[in-house]
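As structure tokens, the structure follows; a few thoughts come after it.
The values are calculated or read from the model by the stated rules, or taken from the named source; none is laboratory data. It should be emphasised that the depicted structure is a prediction, and the values quoted were computed from it without experimental measurement. For neighbour counting, all protein chains shown are included, and Cβ atoms are generated from backbone atoms with ideal geometry for every residue, glycine included.
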Amino acid sequence: MTMTRPTTSSPPTGTPPRAVPVRRRARGRLRRFRGLVGVVVAFAIWALVSRTGLVSANDLPTIPAVAQAFGTSWSPILAGLGTTVEGLFLGLAIAAVAGAVLGVLVGLSLWADAATDILVRMMRPMPSLALIPIAILVAGLGTEMTAGLVAFAAFWPVFINTRYAANSVDPRYVDTARSLGFSQWELVRRVVLPSVAPGFGTGLRISAGVAIVATISVELVAGTGGLGGFVLSAEQGGATAQLYAGLIVGGVLGWLLNLVLSTLTRRLMPWQAAVEKRGEN
Amino acid sequence: MAVLRSTTIRRPLPQRRFVRPVIGWAGVLVVALGWQLLAVALNTSIFPTFITTMQAVGTVLSGPALSQDVLPSVERALAGFAISAVLGVVVGLALGYYRRLGDYCATLVDFLRSLPTPLFVPLAIVLLGLGSQMVVAIVVSAAVWPVLLNAFDAARRVEPLHLDTARALGLRGVALFRRVLFPATLPSIVAGLRIALSTSLAVLIIAEILGASSGLGYFIQDAQQTFEVPETYAGVVILAALGWLFDTLFLAAEHRWLRWDQATAGGNRV
């Protein structure tokens, strides 16, 4: 779980780590599986509610019915998933590159930072999804439209977080590096970029969530297929079990994407471990 | 916020009070000018000029669309936001305070918040039908997470000494939540609320496009399908302005009521 706004981290207040007894460690490992309890309880409630007929089967199908829906329509689900993932990654990649480059450039210059300040504050809360009708108007219904819109929506978190990180590089590091005789390029590569990377990572993770929402929104509004298209046709055909199956696949996709990105950030940027730790639970 | 003093890497801004906003608005002006020039140069019917769009904004805001579409949207967004705020704070604090409960629910919460909101729209239409209720439900399903997660995170990081002291002084239950936990986590909660506010507006649009017969989302969609191009752009501009207005009001309120918080009192322009 992440803090979505860059905040100043407070210095660690806890005691220095002590040797942990073996038994405690084993219990710590067990604690990881506590999360499953909630999932099991949720499934139990689902089974109970759908069995007792508290909610009509049309609103909440039984678990076997949804499992069956997976069985009968796995091929359209997979095809839809493929389309969704394609548009998602294309857009996210464009957003990541553009956001990182522009974020560093703008963040490093106080002038550019000031000049884009109000613009960014206008664009940040801008619901990019409102641009879907315009994107359809301008670019038609192809993959370019999806990728372009996803890129636009996902650009802002990367850009804002990178810009912020570049803007708040610790001046002491810069001074130290300079007194060590670093050239301008070395300074950027060895001081600025490592300091900016964690901010970029945070931005990218937020962007991934934004990108999924944008991709599926486009699919729903423009009817360009994908997972959104699958769910929409399930709704229109009154196949609620299929609808739930699509929903679960979407949840797993989002969950996996978040998991991969947060693991990657942790692996690739170990120097951010202290900050990351805070967000973990 | 740290500012690099070294002048070789960054040229400093003049140290005057109004320099920053002036440069900021100059940036906005440049983009507007670029839009105007590009539109004139391209001269296509699908990309109206900045001035045409602004005129359309004026017409929309002075016409019946104001009360039929703009205000209902604002109402739905705020209603969804309010529900999300209460729900997110209560559930987030509870899950954060009762550690074991939080551990039990962590995976479930992680999964639920990963569900892409727009996928909920078809489900919400099945369950609630078309209209305001469905739209508000969709807003809540998206806007509750930033509040809940921030409250959860902050509740787990509350200084244990504070909690122990409060308990030793006999505070428990609701009083403990209200007088210790809530104030201690408020800065984080507010950060979450700000994200939730912009999320509300973003998600509102998609819900209105897909399943409402009024509201800004409906207006934009309708204008696009009837090829009223300037109106389509005007709808988006109004929406962007609303987002900006919400955010600005929020920041002003935060600044006014949360001045005691160090992080808030400092630079908060991101």
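Considering only residues in segment A:214-226 that are among the hydrophobic types (A, V, I, L, M, F, W, C) and within 8 Å of another protein chain (Cβ to nearest Cβ), the one that is farthest from A:Ile136 (Cα to Cα) turns out to be A:Ile216. Filtering segment B:213-224 to residues that are over 16 Å from A:Ile134 (Cα atoms) and buried (at least 24 other Cβ atoms within 10 Å of the Cβ) leaves only B:Gly215. The number of residues in segment A:173-210 that are surrounded by 16 or more Cβ atoms within 10 Å (Cβ to Cβ) and of a type in the set (Ser, Thr, Tyr) comes to 4.
Table: residues versus (1) touching a Leu at 6+ places or on another chain (Cβ under 8 Å); (2) more than 8 Å from every other protein chain (Cβ to nearest Cβ).
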position	(1), (2)
A:Ala57	no, yes
A:Ala79	no, yes
A:Gly82	no, yes
A:Gly91	yes, yes
A:Pro127	yes, no
A:Ala130	yes, no
A:Leu137	no, no
A:Gly142	no, yes
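Considering segment B:95-134 alone, what residues qualify as being touching a helix residue (DSSP H, G or I) at 6+ places or on another chain (Cβ under 7 Å), more than 7 Å from every other protein chain (Cβ to nearest Cβ) and part of a loop (DSSP other than H, G, I, E, B)? Across segment B:95-134, the qualifying residue is only B:Leu130.
Mind checking whether some residue in segment A:69-81 is under 30 Å from B:Arg20 (Cβ atoms), surrounded by 17 or more Cβ atoms within 10 Å (Cβ to Cβ) and either at pLDDT below 90 or over 19 Å from the mean Cα position of the chain (by Cα) (or both)? No, because not a single residue in segment A:69-81 is under 30 Å from B:Arg20 (Cβ atoms), surrounded by 17 or more Cβ atoms within 10 Å (Cβ to Cβ) and either at pLDDT below 90 or over 19 Å from the mean Cα position of the chain (by Cα) (or both). Of all the listed residues (B:Leu171, B:Leu216), the sole one being aliphatic (A, V, I, L, M) and within 11 Å of chain A (Cβ to nearest Cβ) is B:Leu216. Total residues in segment A:245-272 satisfying the condition of being surrounded by 19 or more Cβ atoms within 10 Å (Cβ to Cβ), small (Gly, Ala, Ser) and touching a Leu at 6+ places or on another chain (Cβ under 7 Å): the figure is 3.
Matching residues to (1) modelled with pLDDT of 85 or more; (2) in a helix (DSSP H, G or I); (3) more than 20 Å from A:Leu92 (Cα to Cα); (4) touching a strand residue (DSSP E or B) at 6+ places or on another chain (Cβ under 8 Å):
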{"position": "A:Pro198", "(1), (2), (3), (4)": "no, yes, no, no"}
{"position": "A:Gly201", "(1), (2), (3), (4)": "yes, yes, no, no"}
{"position": "A:Leu204", "(1), (2), (3), (4)": "yes, yes, no, no"}
{"position": "A:Val231", "(1), (2), (3), (4)": "yes, yes, yes, no"}
{"position": "A:Leu243", "(1), (2), (3), (4)": "yes, yes, yes, no"}
{"position": "A:Gly250", "(1), (2), (3), (4)": "yes, yes, no, no"}
{"position": "A:Thr265", "(1), (2), (3), (4)": "no, yes, no, no"}
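Just one of (1) over 17 Å from B:Trp257 (Cβ atoms); (2) at pLDDT below 90 fails for B:Ser200. It is (2).
Let me confirm something: among A:Gly254, A:Gly238, which residue is facing chain B (nearest Cβ under 9 Å) and assigned to a loop (DSSP other than H, G, I, E, B)? Working first, answer last.
Working: A:Gly254 fails: assigned to a loop (DSSP other than H, G, I, E, B).
Step by step, each of A:Gly254, A:Gly238 is checked, and only A:Gly238 is facing chain B (nearest Cβ under 9 Å) and assigned to a loop (DSSP other than H, G, I, E, B).
Being buried (at least 21 other Cβ atoms within 10 Å of the Cβ), within 12 Å of chain B (Cβ to nearest Cβ) and not hydrophobic (A, V, I, L, M, F, W, C): is that true of A:Gly229 here?
Values: buried (at least 21 other Cβ atoms within 10 Å of the Cβ): yes; within 12 Å of chain B (Cβ to nearest Cβ): yes; not hydrophobic (A, V, I, L, M, F, W, C): yes.
So A:Gly229 fits the description; yes.
Which residues, counting only those in segment B:203-240, are in a helix (DSSP H, G or I) and free of Cβ contacts under 8 Å to residues at least 24 places away in the same chain?
The initial filter retains those residues of segment B:203-240 that are in a helix (DSSP H, G or I), namely B:203-211, B:216-225, B:229-240.
B:Ile209, B:Ile220, B:Gln221, B:Asp222, B:Ala223, B:Gln224, B:Gln225, B:Thr232, B:Val236, B:Ala240, listed by residue number.
Only a single criterion out of (1) assigned to a helix (DSSP H, G or I); (2) surrounded by fewer than 24 Cβ atoms within 10 Å (Cβ to Cβ); (3) more than 9 Å from every other protein chain (Cβ to nearest Cβ); (4) within 23 Å of the chain's Cα centre (by Cα) is not satisfied by A:Tyr164, namely (3).
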